[in-house]
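Read the structure below first, then the notes.
Values in this text are rule-based calculations from the coordinates and carry no lab data. On a predicted model such as this, the values are computed, not experimentally measured, just so you know. Glycine gets a Cβ as well: all are built from the backbone with ideal geometry, and neighbour counts include every protein chain shown.
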Amino acid sequence: MDIIQLLPDSIANQIAAGEVIQRPASAVKELLENAVDAGATEIKLIVQDAGKALIQVIDNGKGMSETDARLSFERHATSKIQKIDDLFHIKTMGFRGEALASIAAVAQVELKTRRAEDELGTYIEIENSIVIKQEPCAAPFGTSISMKNLFFNVPARRNFLKSNAAELRHIIEEFIRVAMAFPHLFFSLTSNGQEVFHLEAGSLKQRVVQALGNHLNAQLVALKDETDYINISGFIGKPEVSRKTRGDQYIFVNNRFIKSSYLNHAIVGAFIELIPKENFPLYVLFLEIDPAQVDINVHPTKQEIKFEDEKIIYAFVKAAVKHALAQASIAPSLDFSLNADIQQLDAINKPFNKEEQESAATSNLFKTFTQRNQAHFIESDNKAELQHWQDFYTPSKENSSSKKIDAFLQNEKHEDDFAFAQYDFLSSEKAKQEKKIIEGAPLLQVLQTYILAPAENGFVLIHQQLAHERILYERFEQTVHRHSAISQQLLMPSALQLSVADKTLLEELLPDLKLIGYIIEKSADNIFSVTAVPADLLNGNETKAIELLLEQYKHFNSEVKFSKREKIVRCLARQHAVKAGRILTEKEMRQLVEDLFQCQTSNLSPSGSSPTFIEFKENYLDGLFGI
Ligand code: ADP
Ligand code: MG
């Protein structure tokens, strides 16, 4: 009757360990997945204060017996696996038996649960992992778990949480990932009493459109291919909905959302020449594969997985996306037969027979179920975010010098920014006095990226993009500081339709955007109208500029130490700076050089981590020639 068991140490030790609950969104993910695993058809998520005050998940799933309810909070207590072998056939979202234990350790938890066959349900209150109350109760069938005051007993953790808007964005992200994987289930999300999502059960297409925005309705291309080895289905966005930053990209393997730069590469490869190189296509793809062929046990949050044979999967995914694009007449179809290379592979041709099953059991995959996966090796995702953030700073032109700047950006430690900037402020003053660019001397553009300017004591090499970013950065900064923005009223306000997540973000940024000169009003639920823009940034495509700003802004998320305003100013400077690779007229170069040396901190890019110019002085040049 009772189904939860404590895993023996031998299995518990095989399970990727690490922190499961890092922020409200991680608890949301675990609780939603538990509801799905319990066979619920209706799952309601309620949060207050972005999950900091309350996270509650109510489901109509199978509920728990009294004993199970109590046992569910023990570490390594699960009804989902029993023996080592089960790790290779996992069909549920959870299997580690750790989520509820972890939640009970960092929050005040109330559980109410009843199985359909029982007359009375069970109520349990638990705090600091200690059961405070347990009693029978009347309850609808299913389970309701509330966790209050997350990290109430770990103040350091609690203080580390980000703003409500930021944490809510993470919650929405996790919510969408689960909701997208199970379109046949009803999901709702209510935040501070307001229903943010109400997703009726339906088709995948309906779910994608409900979750990501109505504007996608006519922009999705269906994809479906099947082999004995692997099935793929889902949707890709037409090239015109590709974005400048990684946004709506979802890969699910056996209904589990995963992050895989490897598969992303395969998909992007199929879009080659259909979208600009720096754009990211939209996709929502589901791979189905024999669970024995994937290891989901390599990471505590189960978002990274390992395929037994990555190459086949790569080729298959790429071919399937190409195929879908061709069928939608988006790519030239030519004489295209899907999987031409893949069909030849043994793994595809031969069914998964007994012999193969045995060999799978002795495979590398099996063997790599080792120590490596056990220690607390979880990394904060900050690094990855930082990486993306820096992607933005890749000059648009690929050349060796821009690569060097990239490398420079990658290597700099951002914690040092402050000290670094102060130090350079002094040296910048010095530079101003010493440098003395010869007025009126001709300027030369090199590699369409650098400006070479003769100085009294040698010459100066200026990076046009970094220099322009510095100029704009200081200009916007002053505008905001002095409240001196000049807005230009638009003749026709332009409408901006946003996804729920972007809407929350924009609302959060409106006051600061206003200081810069953007006047944006909410006209309907997810629709905003841009009525005025900064006079010096008028460019005819105001909504695009805002969309781009939001996308760029998200990449600053990991930079906790900057204020919203600072982030906006940096984004705008970045967005409007002249790019490396643009040919400049003599007049433009002169203006840029003049403006640069008017700056407070002329010698550093806004991030403080790269120089805007480098001086080549006589002594140094002489030295090069051995004089
Ligand atoms: P896991 O999901 O990895 O098994 P959890 O700590 O998340 O571990 O949950 C422990 C056990 O509690 C589950 O195996 C399941 O039997 C039970 N359980 C958790 N949430 C629910 C729920 N919403 N409905 C029914 N049973 C649940
Ligand atoms: Mg679970």
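Relative contact order, whole percent, for the stretch 9-202 stands at 26, derived from Cα pairs under 8 Å and 6 or more residues apart. Here the stretch 428-616 yields Rg over Rh of 1.03, to two decimals, using C-alpha coordinates and the Kirkwood radius. Converting phi to 3J(HN,Hα) with the Karplus coefficients 6.51, -1.76 and 1.60 and the offset θ = phi - 60°, the stretch 215-221 yields 4, 7, 3, 9, 10, 9, 10 Hz in sequence order, with x at every glycine or proline.
Amide H contacts of residue 43 (H built 1.01 Å from N, in plane; Pro and chain starts excluded): 186, 187, 188 sit under 5 Å, all sequence-distant by 5 or more or on other chains. Modelled spin-label separation between residue 240 and residue 618, with each label point placed 7 Å from Cα along the Cα-to-Cβ direction: 6.2 nm. Annotation for residue 452 and residue 222: the two label points, set 7 Å from Cα along the Cα-Cβ direction, are 6.0 nm apart. Between residue 444 and 452, the built amide H atoms are under 5 Å apart, and every one of these is 5 or more places off in sequence or on another chain. Modelled spin-label separation between residue 482 and residue 587, with each label point placed 7 Å from Cα along the Cα-to-Cβ direction: 2.5 nm. Packing around the peptides 156-162, 138-144, 461-467, 603-609, taken as the average count of other Cβ atoms within 10 Å per residue, puts them in this order, highest first: 461-467, 603-609, 138-144, 156-162.
Each residue of the stretch 497-508 was assigned a 3J(HN,Hα) from its phi angle through the Karplus expression (A = 6.51, B = -1.76, C = 1.60, θ = phi - 60°), giving 9, 10, 6, 4, 5, 5, 4, 4, 5, 4, 4, 5 Hz with x at Gly and Pro.
Taking the average, over residues, of other Cβ atoms within 10 Å as the packing measure, peptides 315-326, 574-585 rank 315-326, 574-585 from highest down. Working ranking of peptides 226-236, 101-111 by packing, defined as the average number of other Cβ atoms within 10 Å per residue, highest first, is 101-111, 226-236. Subtracting the Cα-Cα distance of residue 492 and residue 328 from 0.36 nm times their residue separation leaves 55.5 nm of extension gain. Remark on residue 580: its backbone amide H falls under 5 Å from those of 396, 397, 465, a criterion applied only to residues 5 or more positions apart or on other chains, H modelled at 1.01 Å from N. Phi angles across the stretch 189-194 convert, under the Karplus curve 6.51 cos²θ - 1.76 cosθ + 1.60 with θ = phi - 60°, into 3J(HN,Hα) values of 10, 10, 10, 6, x, 10 Hz, Gly and Pro given as x.
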